[in-house]
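Heads up: the structure comes next, in structure tokens.
What follows is calculated from the coordinates using simple rules that are stated; it is not laboratory data. Everything numeric here is computed off the predicted structure, so don't read it as measured data. Because the Cβ atoms are built from the backbone with ideal geometry, glycine has one as well, and the counts that use them run over all protein chains shown.
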């Protein structure tokens with residue numbers, strides 16, 4: 001009998017242990033919490049040290065953006081003055097050149113032959129003129145013959161000088177310090193008078209040309225300071241109005257305004273897209289730090305402070321200026337927002 005009970009006590013002890021665990025897991029040994037509701041708190045908790053901005057209305061001048069294109073004050077299309085084959089081209093698009101630097105060399109063999117022939121004729125005419133002068137001094141010829149000899153000599157001299165000048169056109173040089181933007185000729189091609197071979201612009205004198213609606217032209221005057229916003233590089237430049245073209249485009253009803261860009265030397269490329277910023281009549285507007293606006297696809301939001309928490313608020317924005325952005329809808333004066341979103345509000 002003793003041996004029988006010694007075999008049963010261990011399994012019985014295991015069963016009792018399992019029963020104790022089951023009872024404990026049901027919570028019967030702990031104090032019960034009465035059922036109830038937990039209050040929902042929207043948004044997120046505002047972290048310590050977060051910068052809070054109080055929204056206020058202020059008077060600003062509305063900005064009107066007029067689209068324009070960047071160009072150079074000096075943009076030269078270099079062409080040939082001779083009809084000759086191209087011997088060599090020393091530059092390519094993007095090359096930096098100096099004033100007087102040889103860009104294209106033309107085949108000048110025919111001109112050199114002409115110069116040699118003109119030199120022979122000049123020497124012969126000079127000899128005849130000297131001989132006629134001696135004969136006239138000794139009264140062995142008439143003044144008419146002397147005049148004719150001088151005319152032949154002057155014509156030969158003029159022809160020789162003309163060929164010399166034409167020979168200088170065989171080396172086409174840069175008229176300014178600048179950058180080559182276009183190369184339209186290659187060695188072996190035939191260059192004809194008036195044919196554009198290269199284009200060179202001055203990168204230190206850049207300007208914006210903008211077709212300004214007639215109703216806005218009166219807001220501009222010569223030497224007036226304006227703001228110009230470019231996309232490449234992405235920044236705002238100060239500008240000065242240098243020209244108001246006195247002609248209205250009959251199709252668009254605009255006048256071309258040319259604005260010299262300050263501080264844009266060697267930074268801006270011709271053809272860059274830009275906007276002339278013009279101010280209209282002042283009005284009331286709500287501006288907030290640009291850092292306060294978060295974007296997700298087409299949605300723009302700020303984090304509105306409510307008590308100790310911040311909730312997401314959809315807004316509609318306008319143009320940005322000086323590190324701030326205009327809020328067209330979604331906020332009112334007196335609202336408080338986080339100057340920098342700390343997390344996506346729920």
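Rank these for me by crowding, 150, 258, going from fewest to most other beta carbons within 10 Å. Before the final figure, lay out the partial values.
Values: 150 15, 258 18.
Placing the least packed residue first, the sequence is 150, 258.
For the chain, take the longest principal axis of its alpha carbons; what is the angle in degrees between that and the long axis of helix 143-168, to the nearest 10 within 0 to 90?
Value to nearest ten degrees: 20.
For q = 0.14, 0.15, 0.18, 0.21 Å⁻¹, what log10 I(q)/I(0) does the range 281-327 give under the Debye formula with an equal point scatterer on each alpha carbon and no solvent?
With no solvent term, the Cα-only Debye profile gives -0.38, -0.43, -0.59, -0.76.
Compute the distance from the alpha-carbon center of the range 317-343 to that of the range 44-121, in whole Å.
When both Cα centres are located, 40 Å separates them.
Taking Rg and Dmax of the Cα atoms in Å straight from the coordinates, which label in (i) 41.1, 152; (ii) 19.3, 57; (iii) 43.5, 178 is the correct one?
(iii)
In degrees between 0 and 90, to the nearest 10, how far off the longest principal axis of the chain does helix 109-137 point, with axes built from Cα atoms?
Taking Cα atoms only, the helix is inclined about 30 degrees.
Need one word for the range 219-346: rounded, prolate or oblate. Basis is the Cα gyration tensor (sqrt eigenvalues a ≥ b ≥ c); a/c below 1.5 gives rounded, then a/b vs b/c decides. Each step should come with its number before you reach the end.
On the way: a/c = 2.87, a/b = 2.25, b/c = 1.27.
It is prolate, given that a/c is not under 1.5 and a/b is the larger ratio.
Quick one: helix 2-25 against the long Cα principal axis of the chain, what's the angle to the nearest 10°, folded into 0 to 90?
60 degrees
Express the relative contact order of the range 112-155 as a whole percentage, based on alpha carbon pairs under 8 Å and six or more residues apart in sequence.
41 percent
Only helical DSSP H runs with n ≥ 4 go in: add -39500 (n - 2.57) per run for the chain, normalise by residue count and round the 222 nm mean residue ellipticity to 500 deg cm²/dmol. Let's see the in-between values first.
Numbers: 4 runs with 83 residues, N = 346.
-8500 deg cm²/dmol, from helical runs alone.
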